[in-house]
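Heads up, the thing below is written out as structure tokens.
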Amino acid sequence: MTNIDLGKEGIYKFLKPYQVEIMRQVWDNADEGVISNDAHQHLISLSDKKVHRSRASVIFFLQAMTKEGFLVEEKKLGKGGTHGVWRPSPDFPCEVSYMQERAMRMVKAAEGILNVTFVPKQDPVA
């Protein structure tokens with residue numbers, strides 16, 4: 001999930017449309033969590049064909065976001081065996097915190113590439 005499209009606006013700089021829909025569903029259902037089938041059915045229910053993906057694509061995306069620390073997965077025993085329930089990471093509970101972290105990761109990557117250190121702007125002391 002490291003591709004950045006500077007020609008897009010907002011969260012779409014970091015995620016594809018179907019990924020945005022999945023993340024928004026997870027953020028909107030943070031308390032109860034989301035299983036992969038629910039996320040997949042949500043995509044199918046949307047009229048925009050650009051967001052339709054296979055259930056495997058949904059699972060791979062949820063797992064990737066978990067690995068990156070943006071989601072947490074809880075294993076639950078249910079009908080048909082064990083399945084994952086995804087929730088937002090407590091560190092990134094909403095879209096704004098996600099975008100802030102993505103921006104910070106971009107800055108840190110640029111520091112490494114350019115061999116420089118970016119310092120946050122300080123407010124002038126009156």
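The values are calculated or read from the model by the stated rules, or taken from the named source; none is laboratory data. This one's a predicted model, so the numbers in the text were calculated from it and none came from an experiment. Heads up, the Cβs are rebuilt from the backbone with ideal geometry, glycines too, and the neighbour counts pull from every protein chain shown.
Restricting attention to the range 21-74, the residues that are modelled with pLDDT of 95 or more and of a type in the set (Lys, Arg) total 2. Filter the range 28-40 down to the residues that are surrounded by 10 or more Cβ atoms within 10 Å (Cβ to Cβ) and either acidic (Asp, Glu) or in contact with a helix residue (DSSP H, G or I) (Cβ under 6 Å, 6 or more places away or on another chain) (or both) and list them by number. Correct list: ASP28, VAL34, SER36, ASP38, ALA39, HIS40.
Please verify whether the range 77-86 includes one or more residues that are hydroxyl-bearing (Ser, Thr, Tyr), over 13 Å from the mean Cα position of the chain (by Cα) and either within 25 Å of TRP27 (Cα to Cα) or surrounded by 16 or more Cβ atoms within 10 Å (Cβ to Cβ) (or both). Before the answer, list the steps.
The initial filter retains those residues of the range 77-86 that are hydroxyl-bearing (Ser, Thr, Tyr), namely 82.
Next, only the ones that are over 13 Å from the mean Cα position of the chain (by Cα) stay: 82.
Pick out the ones that are also either within 25 Å of TRP27 (Cα to Cα) or surrounded by 16 or more Cβ atoms within 10 Å (Cβ to Cβ) (or both) and you get 82.
The answer is yes; a qualifying residue exists.
Each row is one residue, and each column tells you yes or no for (1) crowded, with 16+ Cβ neighbours inside 10 Å; (2) part of a loop (DSSP other than H, G, I, E, B).
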residue	(1), (2)
HIS42	yes, no
SER47	no, yes
ARG53	yes, yes
ALA56	no, no
GLY69	no, yes
GLU73	yes, no
